[in-house]
DNA sequence: GGGGATCTTGACGAATCCTTGACACGGCCC
DNA sequence: GGGCCGTGTCAAGGATTCGTCAAGATCCCC
């Protein structure tokens, strides 16, 4: 899902934006000052940043310049000022768009779509490799012996959840909840069926799996 | 030199922009109506377009939509209206930025720089070749056995979205949103119809596609 | 206004995928 | 050894999705 980081010190506006954006299918993170914004952007790189210039701890343009030191994520700047110099400064500091408060939510969403449309091709690949197969999370593809393996949507979701946390034990409830939804927490037979299919498609010897390990009574684990 | 096409029916503003932009090192072409604007953009593809929505011969959004039928050049929209719907419509029609008259020239230049900066790192190979056909994204042409293949605007957009990210799975929602707009996210039958037409025109054997692959339940993928 | 190209819409088998139930196997405790 | 639990395997049905076609509706250029 597309992730958006919203940076603003106005907690009311922050909440309004969170609700609106989530309602439109975005994954939302928030920060109330420049320091935590930079931290958040580093730890969970978003697909887009909405940045208010008026922050309590540091100037918005300074945040932007710091961010631009290591990230090229699209940035949409919010500001209460109508002055032309502010816009010029922000845009030259690396902002991709500028919108003045008060603004319509529809306009914000439209500008956001325009920015994301522009940057859609600049995403980075995430690839996980094992001895037997290779999972390309960015391209949504699995290779085995150079051939790509055909996975159904459910098989892929399940593999993705496991691969995104290598070595980590994922409980049956977590898997069921992520793939089928929270209501399916007891349908553990789904897991058995689909894990068998994944192993048949990916493991060299499906009877003795080496990468998709089952932890009896608890869950499953992906080992590269 | 960076070339900018300015489209406006106000000859005074047109001249002012020409002088200002040239003074800042841009190569400037102008057009006073939608028809000649599209013609100019086709004959001498600019690096950026500044487009006034209020044109004598046709609606500005219509010009934009036509332009988007074959070009992905960044477009900065000018408008005298402050209404939110106008902005949303223009941005969803494919505009990259929107600025309201009257505007400061400094702000215009700053937004222009931001747009050009962003599109600078989005440059990518313009020609993609497969065993069966060749796609020239720059010239908007498809060759098959040396012959020109005739594609409708919609067919082209769909092919373009897929070809711009080779090997990558493009979801049905992404495709629908990029080709038809965000509001068409559920019209998945469009995809089936146009994918069939593309295959008929491009694949050696449309019944067993080798380059335009469908991933059941998720989307489509282009493999060179 | 007319004619051609293009886009939308609906319907239908065919292919694919998900669900469900049944059964076998191994380990563990009584 | 027998019963129980968790797991792996398989196959069939039902549901969903896909490819295809063709007929209107719409747009666009002359």
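Evaluation of residue B:155 against the conditions (1) out of contact with any strand residue (DSSP E or B) (no Cβ under 7 Å at 6 or more places or on another chain); (2) within 12 Å of DNA strand D (Cβ to nearest atom); (3) assigned to a helix (DSSP H, G or I) shows that the sole unmet condition is (2).
For the condition part of a helix (DSSP H, G or I), closer than 21 Å to residue B:221 by Cβ, more than 14 Å from DNA strand D (Cβ to nearest atom) and out of contact with any helix residue (DSSP H, G or I) (no Cβ under 7 Å at 6 or more places or on another chain), residue A:177 does not qualify. Being touching a strand residue (DSSP E or B) at 6+ places or on another chain (Cβ under 8 Å) and surrounded by 19 or more Cβ atoms within 10 Å (Cβ to Cβ) is a description that does not apply to residue B:176.
Going by what's in this entry, would residue A:136 be described as within 14 Å of another protein chain (Cβ to nearest Cβ), more than 10 Å from DNA strand C (Cβ to nearest atom) and either under 28 Å from residue B:210 (Cβ atoms) or in contact with a strand residue (DSSP E or B) (Cβ under 8 Å, 6 or more places away or on another chain) (or both)?
Against the criterion (within 14 Å of another protein chain (Cβ to nearest Cβ), more than 10 Å from DNA strand C (Cβ to nearest atom) and either under 28 Å from residue B:210 (Cβ atoms) or in contact with a strand residue (DSSP E or B) (Cβ under 8 Å, 6 or more places away or on another chain) (or both)), residue A:136 qualifies.
For the stretch B:20-33, the set of residues classified as touching a strand residue (DSSP E or B) at 6+ places or on another chain (Cβ under 9 Å) and more than 12 Å from residue B:108 (Cβ to Cβ) consists of B:22, B:27, B:28, B:29, B:30, B:31, B:32, B:33, listed by residue number. Scanning the stretch B:43-55 for residues that are modelled with pLDDT of 90 or more and within 15 Å of residue B:2 (Cβ to Cβ) yields B:46, B:47, B:48, B:49, B:50. Just so you know, in the stretch B:161-194 the residues that are away from DNA strand C (no atom under 12 Å from the Cβ) and touching a residue at least 60 places away in the same chain (Cβ under 8 Å) include one that is nearest to the other protein chains (Cβ to nearest Cβ), and it is B:182. Applying the condition of being within 25 Å of the chain's Cα centre (by Cα) and more than 8 Å from chain B (Cβ to nearest Cβ) to the stretch A:73-91 and asking which residue is farthest from residue A:59 (Cα to Cα) yields A:73.
When you go through A:220, A:190 one by one, which is the residue that is touching a strand residue (DSSP E or B) at 6+ places or on another chain (Cβ under 9 Å) and either part of a helix (DSSP H, G or I) or within 15 Å of DNA strand D (Cβ to nearest atom) (or both)? Residue meeting the stated conditions: A:220. Just to verify a result, which residue in the stretch B:92-104, among those that are in contact with a helix residue (DSSP H, G or I) (Cβ under 7 Å, 6 or more places away or on another chain) and within 9 Å of chain A (Cβ to nearest Cβ), is surrounded by the fewest Cβ atoms within 10 Å (Cβ to Cβ)? Ranking the qualifying residues of the stretch B:92-104, first place goes to B:104. On inspection, residue A:117 does not qualify as within 12 Å of DNA strand D (Cβ to nearest atom) and in a helix (DSSP H, G or I).
Output the residue which, of all residues in the stretch B:106-133 that are more than 23 Å from residue B:66 (Cβ to Cβ) and loosely packed, with under 14 Cβ neighbours inside 10 Å, is farthest from the other protein chains (Cβ to nearest Cβ). Of everything passing the filter in the stretch B:106-133, B:129 is farthest from the other protein chains (Cβ to nearest Cβ).
If you filter the stretch B:195-224 down to residues that are within 11 Å of DNA strand C (Cβ to nearest atom), exposed (fewer than 14 other Cβ atoms within 10 Å of the Cβ) and farther than 16 Å from residue B:172 by Cβ, you find that the one that is nearest to the other protein chains (Cβ to nearest Cβ) is B:208. Residue A:98 fulfils the conditions (1) part of a loop (DSSP other than H, G, I, E, B); (2) closer than 21 Å to residue B:91 by Cβ except for a single criterion, (1). Say whether the condition of being touching a residue at least 40 places away in the same chain (Cβ under 8 Å), assigned to a helix (DSSP H, G or I) and more than 14 Å from the chain's Cα centre (by Cα) is met by at least one residue in the stretch B:134-143. Looking through the stretch B:134-143, none of the residues is touching a residue at least 40 places away in the same chain (Cβ under 8 Å), assigned to a helix (DSSP H, G or I) and more than 14 Å from the chain's Cα centre (by Cα). None of B:93, B:31, B:40 is within 16 Å of DNA strand D (Cβ to nearest atom) and at pLDDT 90 or above except B:31.
The values are calculated or read from the model by the stated rules, or taken from the named source; none is laboratory data. Values in this document were obtained by computation on a predicted structure and should not be read as measured data. No Cβ is skipped: glycine too gets one built from the backbone with ideal geometry, and neighbour counts run over all protein chains shown.
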